[in-house]
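J.: Below: one structure in structure tokens.
The values are calculated or read from the model by the stated rules, or taken from the named source; none is laboratory data. Treat the numbers as computed from the prediction; the structure is a model and nothing was measured. Please note: Cβ atoms are built from the backbone with ideal geometry, for glycine as well, and neighbour counts cover all protein chains shown. Calculation scope for accessible area: heavy atoms of the full protein, side chains included, ligands and nucleic acids excluded. Shrake-Rupley method; radii C 1.70, N 1.55, O 1.52, S 1.80 Å.
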Amino acid sequence: WNFIAKSSSPKLPLHPVVSSVETEIRIKRIIEKLDQLIPPRPFTHISTTTSAAHSTATILHPRDTYCRGDQLDILLEARDHFGHRKEYGGDFLRARMSSPALKAGASGKVTDFNNGTYLVSFTLFWEGWVSLSIRLIHPSEGVSALWRARNQGYDRVIFTGQFASGSSHVDTDCALVLNSSAELCEYLDAQDQEAFYCVRPQHLPCAALTHMHSRSTAVSYLSRQEWRLFERSNVGVEIMENNAINVSKCNGKNVPMKKKCKFGMASTIPGGHVWKETWNPVSCSLAPIKMKECLRGKFIYLMGDSTIRQWMEYFKNSISTLKSVDLHESGKLQHQLAVDVDENIHIQWQKHGYPLIGSLTYSVKEIEYIARVIDRTGGGKNTVIVISLGQHFRPFPIGVFIRRTLNVHKAIQRLLLRSPDTMVIIKAENIRELHSDVERFSDFHGYVQYLAIKDIFQDLNVGLIDAWDLTIAYGTNNVHPSQSVVRNQVSILLNYIC
């Protein structure tokens, strides 16, 4: 066990354990910054909220012919269902351009003037017919409601812990915060003071916890009126209907040569575009890399959720000499290790610590926080660490995610002090399904975490793989995107390494 498992006297309610004063101050500052971005927007009737159908999108300086490389600007005026101009911003918008026949796509940059108007900018990366899309994912009133609801409680998801008792087992409720008068088991990470709790089963020690699964509860912190904003027909509604433009090469302008992508390059918005299912970054070019040669002699540690486990599967499918090692665990979230002995390649994936949402039962006998894994990693020039956090944190107050991210940040800081030539990469979240369980899993929650993670890691020498921008460009709307998307994410990693 990497936790101190102990029973605690009944408390009502039980709050997350307080960590260092410095961490608490940083959490408070980041939340205050986010609160300013997402002010309360109470509404008396759905008709006064932003309407995609009534909002207008106008191409500025329209032309008959557009040239590749140009910037196209669109002025968006948000209006309510009565057609009245909105006087404040905060709508959660997604801008994307695409050419399905070319398997091409890119995100657009949205600038919010906080007065009901927005500037949406597209870089015209390729030639041909290009469709323009601006979707209202959630109106500002819905954004405000989701933000308030998210930070109100921990009980939208309940965990069931399985305690071993000989050949049988006993199930009890577990959570980040448990409002219970029963005796509790506290699973405490002593260094970072992060804790997870289970109701202690009678006559069994806390250390007998072996497995876990979760389910969504009926709890909601949204009012009946607020819920109307999240009905399927009101989520991700298109504002720009039937808008396509023709982009030409113009003047025979050649695209300037770009340097090869390297670790530590600054990211831009948009970060690049997909063309013929291949990612093309704005500021650099991705070279074709022979995976096996690149990974020779390397230790690759993949840590986090199932979106980075997809990388593990991709590596195993791409290198035929990579052999899986049976670590005698079971279930979808089992620790994975694959080795090529001749080439001295080691790749491993392990899940992050609580909270870990899953309806299928998974083992927690060896569960540990990413910060602890980093602390016991020696590092060095042949060590690459890739971390992906986010999807499992969306249903909980933002402080849980920020605390975890700050603790990972501190662990990376310690690692880079003792082994400065270790390569550490943060993979941002993928966008996911638009209509699945909005209160718990909306991409708005993911976007807030994306902003937080970029803010927290900006002072460290770590690489960022901007999966958020890449999956918008692809238009995946799937938490587990296709192999093509995974291939492009891994291609960025290989360019960083070699």
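J.: Which shape class applies to region 272-497: rounded if a/c is under 1.5, otherwise prolate when a/b exceeds b/c and oblate if not, where a ≥ b ≥ c are the square roots of the Cα gyration tensor eigenvalues?
T.: It comes out rounded by the Cα gyration axes.
J.: Would you work out what percent of the accessible area of the chain, with all protein chains in place, is carbon or sulfur (probe 1.4 Å)?
T.: That fraction is 52 percent.
J.: Over all pairs of distinct alpha carbons, what does the Kirkwood formula give as the hydrodynamic radius of region 60-142, in Å?
T.: 13.8 Å
J.: Tell me, how many Å apart are the Cα centres for region 324-338 and for region 460-492?
T.: 24 Å
J.: What whole-number value in Å² describes the accessible area per residue of the chain for a 1.4 Å probe?
T.: On a per-residue basis, the chain sits at 43 Å².
J.: Another question, if that's okay. Take 474, 197 and sort them by solvent-accessible surface of the protein heavy atoms, 1.4 Å probe, largest at the top.
T.: Solvent-accessible surface, decreasing: 474, 197.
J.: Here's a follow-up. Consider the candidate values [x] 26.3; [y] 24.9; [z] 23.2; state which one is mean projected area of the Cα convex hull in nm² computed from the structure displayed.
T.: [y]
J.: Now a separate question. What figure in square angstrom, to the nearest 10, would you give for the accessible area of residue 426 with a 1.4 Å probe?
T.: 10 Å²
J.: Which of the lysines could a cross-linker span from residue 365 if the Cα-Cα distance has to be under 19 Å and same-chain partners fewer than 8 positions apart are dropped?
T.: Cα-Cα hits under 19 Å: 6, 332, 351.
J.: Among bridges DSSP assigns within region 272-497, what percent are antiparallel (round to 5)?
T.: Of those bridges, close to 40 percent are antiparallel.
J.: Do the alpha carbons of any pairs in 262/290; 410/454; 298/381; 28/109; 249/276; 260/316 sit beyond 19 Å of each other, and which pairs?
T.: 28/109; 260/316
J.: Label region 157-216 by shape, choosing from rounded, prolate and oblate, from the square roots a ≥ b ≥ c of the eigenvalues of the Cα gyration tensor; if a/c is under 1.5 it is rounded, and otherwise prolate applies when a/b is larger than b/c, oblate when it is not.
T.: prolate
J.: Taking the Cα centre as origin and putting +1 on Lys and Arg beta-carbons and -1 on Asp and Glu beta-carbons, what dipole magnitude results for region 38-142, to the nearest 20 debye?
T.: 240 debye
J.: OK, next. Checking understanding here: applying a Kyte-Doolittle mean of at least -0.5 and a length along the axis of at least 30 Å (C-alpha), which whole DSSP H helices in the chain pass?
T.: 398-418
J.: Starting from the Cα of residue 119, move 7 Å in the Cα-to-Cβ direction to define the label point; list residues of region 59-77 whose amide nitrogen is under 13 Å from there.
T.: 60-61, 71-76
J.: Out of the GluC sites (Glu not before Pro) in region 17-97, which ones are loop residues according to DSSP with at most 11 other C-beta atoms within 10 Å?
T.: 87
J.: Protein chains only, probe 1.4 Å: how do 257, 265, 303 rank by accessible area, largest first?
T.: The ranking, largest first, comes out as 257, 265, 303.
J.: Count the DSSP beta bridges whose two residues both fall in the chain, then state the antiparallel fraction as a percent rounded to the nearest 5.
T.: Antiparallel bridges: around 80 percent, rounded to the nearest 5.
J.: Separate question: When the helix-only estimate is applied to the chain (DSSP H runs of n ≥ 4, each -39,500 (n - 2.57), divided by the residue count), what is the mean residue ellipticity at 222 nm, nearest 500 deg cm²/dmol?
T.: Helix contribution divided over all residues of the chain: -7500 deg cm²/dmol.
J.: Could I ask something else about it? Out of residues 5 or more away from residue 114 or on other chains, whose amide H comes under 5 Å of its own, with H placed 1.01 Å from N in the peptide plane?
T.: 89, 90
J.: Let me ask you something else. Could you let me know the centre-to-centre spacing of region 201-216 and region 13-92, using Cα atoms, in angstrom?
T.: So the two Cα centres are separated by 42 Å.
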